[in-house]
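Let me begin by presenting the structure, written as C-alpha cells, before commenting on it.
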Amino acid sequence: MPNEAEPKRYAGACLCGNVQWRSSASPGLQFNCYCVDCRKSTGAACLPIMLFKADDVELHGEITYFHSVGGSGNVIRRGFCSHCGAQVVAHVELMPGMLSIRAGTLADITQFEPKANIFVSHAPAWSPPTPGLPSFARLPNSG
C-alpha cells in the first residue's frame, strides 16, 4: 500500500520518449488554453497546460525551442522534442521561475485536473470549452 505521506509523482515524455520529465511537486496551475498560438503550435483546439515551479521539474533529452510572442504580449519559448517534434514544455516570460508542461505528455493522463479555460474567445465552435470550469475571454484579469 502506498504511503499516504508520499508526494504525488508526476512524469511524462514526448511521443518517442527522447524527452522525459518528472516532478514530485504538484502543479501550481492547471488549465485549458484556447489561444491561437497554442492551437497552431499543437494542431488541436486547445492546449491542456500544467504550470510547475521550474526548480521542481527534472527535464531530460534534446529540446529545440521556438520563440514567439504569446497572447499576453510576452515571449513564450516552446520546447519540442528534437527527434519526434512533440511539444513538451514552455518557458513563459510572464511567469518567471515557472515551467509550463503540456498535460498530454503525462504518463498518467488522469492526473490532469483543469481548473479553468482561458482565451475562450478564440475557441472554435466545433470544440467548445470544457463546461463547468471558470472561463475567461483572454487571460484572467486582462479583459
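Read the figures in this text as sums done on the coordinates, not as results from a lab. Since we're looking at a predicted model, the values are computed, not measured. As a convention, Cβ positions derive from the backbone with ideal geometry for all residues, glycine included, and neighbour counts pool all protein chains shown.
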### Karplus (6.51, -1.76, 1.60) ³J(HN,Hα), θ = phi - 60°, over the range 93-110, in Hz, Gly and Pro reported as x
3, 5, 10, x, x, 10, 10, 8, 10, 7, 4, x, 8, 4, 5, 10, 4, 5
### Task
Give the residues of the range 84-118 whose amide nitrogen is closer than 12 Å to a point set 7 Å from the Cα of His67 in the direction of its Cβ.
93
### Message
Run through the range 37-143 and list the GluC sites (Glu not before Pro) located in a DSSP loop whose Cβ has at most 11 other Cβ atoms within 10 Å.
### Response
Glu62
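Going through the range 58-138, which trypsin sites (Lys or Arg not before Pro) have at most 13 other Cβ atoms within 10 Å and a DSSP loop state? Intermediate results must be reported in sequence, preceding the final value.
Values: sites: Arg77, Arg78, Arg102, Lys115, Arg138; in loops: Lys115, Arg138.
Here the trypsin sites (Lys or Arg not before Pro) that fit, given the DSSP loop and packing criteria, are Lys115.
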### Query
With the radius of gyration and the Kirkwood radius both derived from the Cα set of the range 37-79, what is their ratio Rg to Rh?
0.98
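List the chymotrypsin sites (Phe, Trp or Tyr not before Pro) within the range 101-143 that DSSP assigns to loop and that have no more than 15 neighbouring Cβ atoms inside 10 Å.
Details: sites: Phe112, Phe119, Trp126, Phe136; in loops: Phe112, Phe119, Trp126, Phe136.
Of the chymotrypsin sites (Phe, Trp or Tyr not before Pro), the ones in loops of the range 101-143 whose Cβ has at most 15 other Cβ atoms within 10 Å are Trp126.
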### Query
Which whole-Hz ³J(HN,Hα) couplings does the range 25-41 yield from phi under the Karplus relation 6.51 cos²θ - 1.76 cosθ + 1.60, θ = phi - 60°, glycine and proline marked x?
8, 7, x, x, 9, 9, 7, 9, 10, 10, 5, 4, 4, 5, 4, 6, 6
### Query
Which of Phe52, Phe66, Phe31 moves the most in a Gaussian network model of the chain with Cα springs under 10 Å?
Phe66
### Message
Cut-off under 30 Å on the C-alpha distance; same-chain residues fewer than 8 positions from Lys40 excluded. Which lysines are left, in chain and number order?
### Response
Lys53, Lys115
### Query
Starting at 0 and stepping by 10 Å, how many percent of the alpha carbon pairs of the range 10-122 end up in each bin?
15, 52, 32, 2
### Query
Along the range 119-126, what does the Karplus equation 6.51 cos²θ - 1.76 cosθ + 1.60 (θ = phi - 60°) give for ³J(HN,Hα), rounded to whole Hz, x for Gly and Pro?
6, 5, 5, 9, 5, x, 4, 7
### Task
Pop a pseudo-label 7 angstrom from the Cα along the beta-carbon direction at both Cys16 and Leu94 and give the gap in nm to one decimal.
3.2
### Query
Among Ala116, Ala44, Ala11, which one shows the biggest mean-square fluctuation in a GNM of the chain, springs joining Cα atoms closer than 10 Å?
Ala44
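Taking the Cα centre of the chain as origin, sum charge times position over the Cβ atoms of Lys and Arg (+1) and Asp and Glu (-1), and report the length of that vector in debye to the nearest 20.
Computed charge dipole of the chain: roughly 400 debye.
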